[in-house]
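First up is the structure itself, then whatever we jot down about it.
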Amino acid sequence: MGEFALGQPVPRFEDPRLLRGGGRYVDDMVLPRMAWGLVLRSPHAHARITAIDARRARAAPGVLLVLTGAEWREAGWRDLPAAGGMKRPGGLASYRPRFPALVEDRVRWVGDYVAFVVAETKHQAMDAAELIDVDYEPLPAIIGTAEASAPGAPLVWDDCPDNICFVHEVGDKAAVEAAFARADRVVTRRLVVNRVTAAAMEPRGALADYNPAEDRYTIYTTLQRTHSYRSEVAHIIGVPESRVRVVAGDIGGSFGMKSAIYNEVALVLLAAKMLGRPVKWTSTRSEAFLSDAQARDHVTEAALALDKQGNFLAFRSKTTAAVGAYAQAASNVFVMNLGTLAGPYRTPAMHAEVTAVFSNTNPMRPYRGNGRPEFAYVIERMVDEAAAETGIDRIDLRRRNLIPPEAMPFKTGLIFTYDCGEFAKSLDLSLQFADVAGFEARRATARGRGKLRGLGLSHTIERAAAGGFEAAELRFDKGGTATLLSGSITQGMGHETIYKQLVCDRLGLRPEQVHYIQGDTDKVAIGEGTGGSRTATLGGSAVYLATEKIVAKAKTIAAHLLEAAEADIDFADGVFRIPGTDRAMPLADIAAAAWEPRNLPDGVEPGLVGSAAFAAKEQNFPNGVHICELEIDPETGEIDILRYHVVDDVGTVLNPLLLEGQIRGGVAQGIGQIVMEDIHFDPASGQLVTGSFMDYAMPRADTLPDMLCETNPVPTQTNPLGVKGAGEAGAVGAMPAVGNALVDALSSLGIRDLPMPATPERLWRVIRDANRTSDRPS
């Protein structure tokens, strides 16, 4: 409908409310008689608990309750959900340790859960926690991912003798070995993707309320999927799902981190039941670094085999991936994205192996891209390294190996079958868009200023909306306005805007005529939630199908009231009319008439309500080309990212403004990881060294260039809207593009190995060492 039609750059409808302070986050919620909870955390990376004495804390002013591991066990509640389903060497089931909300005998990372204090005020809880006496017997700890499974490494779990949680293999190993045997060139590299944390704008929080009259629990918290969350909470407590209500208000970022059921959720629920009053816990920023699940942390040995013409024959990789101290639910699903290693290339034989290892560090879980950025980084760095070794231009090498559009659908050498894509066109558009032809002149100018200029390219593809479903319900009231309920949960992505745009486009309404509801299992009947770039595909398709049902029923009513056949009724711009006549009825009038049974034909129920669920039979594959241009000051190691261009194929573009916001945000996170973000533990003590924003660097506006984004839309047939996921595309393409640009800038010094993150100090040292080597007499 005009300015709000699909494809229009409609600003986000939710922003005015949020910018004026109208947001309602968990920490904004206050219930009568609410108490405050605080977690006492382990100061050791690995230690045996020999004694806990909470008597002084229980006697402290304002203290209502102190829970330890013993009280948690005596309550009879179940452990938190843990990841499983994989295999260990020898075909054994993956190691799946218990995950209680509070430990009893041993702590396994700095930040592990020792006790939970509830008091009248937050500060009373903080004071009381300091009065809990815990006797620890420190034990050896293992911190490094690459070293975790080495012989003699300290064990995180005594009955997991090699610290291996699982080993996962995909691909055709025999075909890969045969291809490597006949290859003319084999390129091998060791690539390290460091550990990061989500650092969401809003820290985690939880507020629990228990109604003893109904034996019913309500949890207000930060999450991504309310209905599956309710199921898991009910399982922990041991009650039917109908006894649990899950509510998500506004959520200030998640990126996958908040989607788990954390220990604090179980603790506030138990405390609320025991005390008969609401209990709230809110993380501080320092606490977030110690307790939030972290991400990435891969060490990969990769090899690419080529023939004399530069055709890719085979690829293989072995990755050691961090699990952390516990196998938190969904910590293993990143392996489902190993297919990202195939890229947009015709590589016929591929094999990938992942060994996931425990360490005395925070648990790990999905973070924007969930394996896609890590594996995209590996393949795109390998392509650049192959170009350097063979002497073939890196762009030409990619072009020789791209999958042509006429080959679609294309079964890759690793897991995925692409349904559509025009990869060569995207490459050509990006080269022109970024003026790659003029780069060497810009490099020469930079050299005259004493700067090292580099250009990096990535050509990546990912899967989106893999499996699952989403639901939507559209209800009209007597006044002709509508309420839209969706099972997806926004954490700042603009769901309300996209969904309202769909309704306005399909039904001719204005945005102010549509009220949007999400995130409450007592209001939204069914839904799966948000994750994996699925909302536009699954949620958008569900909304689309719900509008189809509204139109179908409204047309039946309109035909009855206008005394015409349904086939003679047209619908456009919110009005049903009989063409060639002046007989018409607005949708609002039909919505009002639908409430009166006398207005309805036989067999039609009162009301105008449409509900629908869309289940994806096939995933879709967004793809794109990122080109980054930067300069390095060799005297300081400082990086200046000067130009950044993106050409993305996300299928049908529903809202170009929101799409660009998603791309830019993802690119910012990818740049952040490559050049500054780093979770670093002291290898000897396991203490978190980067435990605040003083040490954990985050990208700022002055870190980032003015990104320029274009699209090469190739609509997919896997959903009625033709859309492909966009939420993670920026993060997937950015890491390899910036990484390749850095290496390109340093290549004149003979540097091909990139530290991550490539901080100014690290780059300065790498440049210094390279200069020293070049100055040595031969």
Which order do the peptides 95-104, 664-673 take when ranked by the mean count of other beta-carbon atoms within 10 Å per residue, highest first?
664-673, 95-104
To the nearest 10 square angstrom, how much accessible area does Val524 have with a 1.4 angstrom probe?
10 Å²
Measuring from centroid to centroid over Cα atoms, what is the spacing of the range 286-358 and the range 1-80 in Å?
32 Å
Given a Förster distance of 41 Å, the FRET efficiency implied by the Cβ-Cβ spacing of Ser242 and Met126, rounded to the nearest 0.05, works out to 0.65
Cβ-defined net charge surrounding Asp184, 12 Å radius [Lys, Arg +1; Asp, Glu -1]
+1
Semi-axes in Å, largest first, for the range 605-761 (Cα gyration tensor, √(5λ)) are 37, 21, 14
Dipole check, the chain, charges on Cβ (K,R +1; D,E -1), about Cα centroid: among Ile237, Val176, Val732 the Cα furthest to the positive pole belongs to Val176
Which of Ala5, Ile663, Ser748, positive extreme of dipole for the chain (C-beta unit charges)
Ser748
With a 1.4 Å probe and all protein chains kept in place, how much accessible area does Thr188 have, in Å² rounded to the nearest 10?
80 Å²
Quote the relative contact order of the chain in percent (integer), defining contacts as alpha-carbon pairs under 8 Å separated by 6+ residues.
15 percent
On the full set of protein chains, 1.4 Å probe, figure out the accessible area of Lys553 and give it in Å² to the nearest 10.
50 Å²
Cβ-based net charge around His495, under 12 Å, with every Lys or Arg adding one and every Asp or Glu removing one:
-1
By average Cβ neighbour count within 10 Å, what is the ranking of 240-247, 323-330 from highest down?
323-330, 240-247
Please say if the range 449-571 is rounded, prolate or oblate, where rounded means a/c under 1.5 for a ≥ b ≥ c the square roots of the C-alpha gyration tensor eigenvalues, and otherwise the choice is prolate for a/b larger than b/c and oblate otherwise?
prolate
Magnitude of the charge dipole, the chain, Cβ model with Lys/Arg +1 and Asp/Glu -1, debye to 20
700 debye
Using the charge dipole of the chain (Lys, Arg: +1 at Cβ; Asp, Glu: -1 at Cβ; taken about the Cα centre), state which of Thr460, Cys160, Met201 has its Cα farthest towards the positive end.
Cys160
Prolate/oblate/rounded label for the range 52-203 (Cα gyration tensor, a/c 1.5):
prolate
Can you tell me how the range 274-410 classifies by the Cα gyration tensor, rounded, prolate or oblate, using a/c under 1.5 as the rounded cut?
prolate
Enumerate the whole-percent occupancy of each 10 Å bin, from 0 to the last occupied one, for all C-alpha pair distances of the range 350-469.
10, 30, 33, 18, 9, 0
Rolling a 1.4 angstrom probe over the protein heavy atoms, how many square angstrom per residue are accessible across the range 277-401?
21 Å²
Measuring from centroid to centroid over Cα atoms, what is the spacing of the range 90-133 and the range 360-430 in Å?
42 Å
So if I place +1 on the C-beta of Lys and Arg and -1 on the C-beta of Asp and Glu, and nothing else carries charge, what would the dipole magnitude of the range 28-154 be about its Cα centre? I want it in debye, nearest 20.
480 debye
Could you give each residue of the range 57-65 its phi-based ³J(HN,Hα) in whole Hz, using Karplus coefficients 6.51, -1.76, 1.60 with θ = phi - 60°, and x for Gly or Pro?
5, 5, 8, 6, x, x, 6, 9, 6
Using only Cα atoms, locate the centre of the range 715-778 and the centre of the range 549-618, then give the distance between them in Å, rounded to an integer.
56 Å
Which of the helices in the chain, when you take each full DSSP H run, stretch at least 24 Å along the axis at their Cα atoms and have an average Kyte-Doolittle score of 1.0 or higher?
729-746
Where does the charge balance sit around Ser286 when Lys and Arg score +1, Asp and Glu -1, over other residues with C-beta under 12 Å from its C-beta?
-1
Based on the mean of other beta carbon atoms within 10 Å per residue, what is the order of 143-156, 196-209, most packed first?
196-209, 143-156
If every Lys and Arg gets +1 and every Asp and Glu gets -1 at its Cβ, then about the Cα centre the range 546-620 yields a dipole, in debye to the nearest 20, of 160 debye
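The values are calculated or read from the model by the stated rules, or taken from the named source; none is laboratory data. These numbers were taken from a predicted model, which means no experiment stands behind them. Neighbour counts are summed over all protein chains in view; Cβ atoms, including those assigned to glycine, are modelled from backbone coordinates with ideal geometry. Please note that ligands, DNA and RNA were not included when accessible areas were found on the heavy atoms of the full protein model with its side chains. Shrake-Rupley method; radii C 1.70, N 1.55, O 1.52, S 1.80 Å.
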